[in-house]
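Colleague: Here it is, the structure, as structure tokens.
Just so you know, all these numbers are worked out from the coordinates, no wet-lab data involved. Worth saying up front: this structure is predicted, and the values here are computed from it rather than measured. A quick note on method: Cβ atoms are made from the backbone with ideal geometry, for glycine too, and the neighbour counts reach across all protein chains shown.
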Amino acid sequence: MLILTCPYCGVEADETELQAGGEAHIKRETVGSSDEDFEDYLFARQNPKGIHFERWRHVYGCGKWFHVARCTNTLEVFGTYSAQTTEPPQDIRDKISGKRPGWSWGIFS
Amino acid sequence: MSNAVSALQAKTYAGFAEIEEAGLRGMITLRGDLSSTKVKNAATGAASVDFPGMGECNCVDEKGVAWMSPDELLVMTPYADAQPAAEKIAKTLAKTHALVANVSDARAVFFIRGPNAREVIAKLAPVDLSPDRFKPGQFRRTRLAQVPAAFWMRDAETFELICFRSVAGYVFDLLCNAAQPGSEVGAF
Ligand SMILES: [Zn+2]
């Protein structure tokens with residue numbers, strides 16, 4: 001069972017109080033994109049065994065979307081952070097680096 | 001004017017905790033910038049209580065203000081006062097970015113009373129209800145079995161719980177079932 005702390009209301013919410021929103025930090029392709037890029041944007045998702053960045057919504061609580069950095073293998077949660085960002089904040093990246101040196105995920109490391 | 005009645009009209013159940021549908025209650029949703037003095041004053045002015053901190057509810061009798069999310073409050077009043085109070089808040093905030101809605105008829109309210117009231121809630125919500133983690137004054141939006149609900153403690157032995165009116169019957173049945181004599185867990 002995942003327990004994620006919602007960064008908006010501070011509640012330690014268990015999985016059943018949340019809604020999974022899939023992969024985080026996806027860049028929207030739009031008018032002018034190539035067919036390949038648009039297809040990737042719509043359908044291609046990472047499915048790592050290890051560090052992953054996701055969107056979750058505190059659906060039964062404050063209703064806000066937020067971001068989570070966690071490990072899909074051990075279920076360790078590195079941290080949760082605001083939805084108002086296009087990349088993982090430095091303190092989250094440092095925390096992951098401390099535990100998993102040399103990690104990378106998409107364009108982030 | 002129609003004769004307003006609450007969903008279960010004060011139905012009660014005496015289990016190892018006492019369950020009571022609380023009847024009609026005035027509820028106003030107020031969304032806006034909660035750091036704005038104007039928004040704060042509009043809420044506290046209508047409910048005559050202090051402004052709640054994050055995850056808290058301040059209430060006295062039927063009046064109160066609950067912190068619902070970083071941009072949402074629930075203002076409670078006696079049922080008959082809700083419409084005029086909502087209109088007054090809307091007028092006060094006419095030039096402020098805010099949303100005010102009288103949602104009284106969309107909700108149901110329950111009391112769960114008794115020394116084991118905590119146990120009834122703990123059976124139904126994914127919330128740590130140990131006495132050192134959930135105390136009077138704290139407010140929690142969560143789910144109760146399969147439906148959204150919110151609750152807080154009036155005092156050490158009284159929970160007040162709100163849910164959507166459309167699921168009032170389901171929530172009452174849940175609470176009664178969880179409070180069945182003989183089903184005490186004794187966790188706290
Ligand atoms: Zn939340």
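Colleague: Helix B:168-178: angle to the longest alpha-carbon principal axis of chain B, degrees 0 to 90, nearest 10?
Modeller: Around 40 degrees separate the two axes.
Colleague: Lys pairs in the range B:12-178, Cα-Cα under 22 Å, at least 8 apart or on separate chains: how many?
Modeller: Going through the range B:12-178 pair by pair, I get 12.
Colleague: Ignoring everything except DSSP H segments at least 4 long, calculate the 222 nm mean residue ellipticity for chain A; use -39,500 (n - 2.57) per segment, divide by total residues, nearest 500. Could the numbers behind the result be given before it?
Modeller: Working: 2 runs with 19 residues, N = 109.
The helix contribution divided over chain A gives -5000 deg cm²/dmol.
Colleague: Also: Are there cysteines in chain A with no other Cys C-beta under 4.7 Å, and if so, which?
Modeller: Taking the Cβ cut-off of 4.7 Å, the unpaired cysteines of chain A are A:6, A:71.
Colleague: While we're here: How big is chain A by the Kirkwood estimate over distinct Cα pairs, in Å?
Modeller: With all distinct Cα pairs of chain A included, I get 14.8 Å.
Colleague: Compute the long axis of helix B:82-92 from its Cα atoms, compare it with the longest principal axis of the Cα atoms of chain B, and write down the angle in degrees, 0 to 90, nearest 10.
Modeller: Value to nearest ten degrees: 40.
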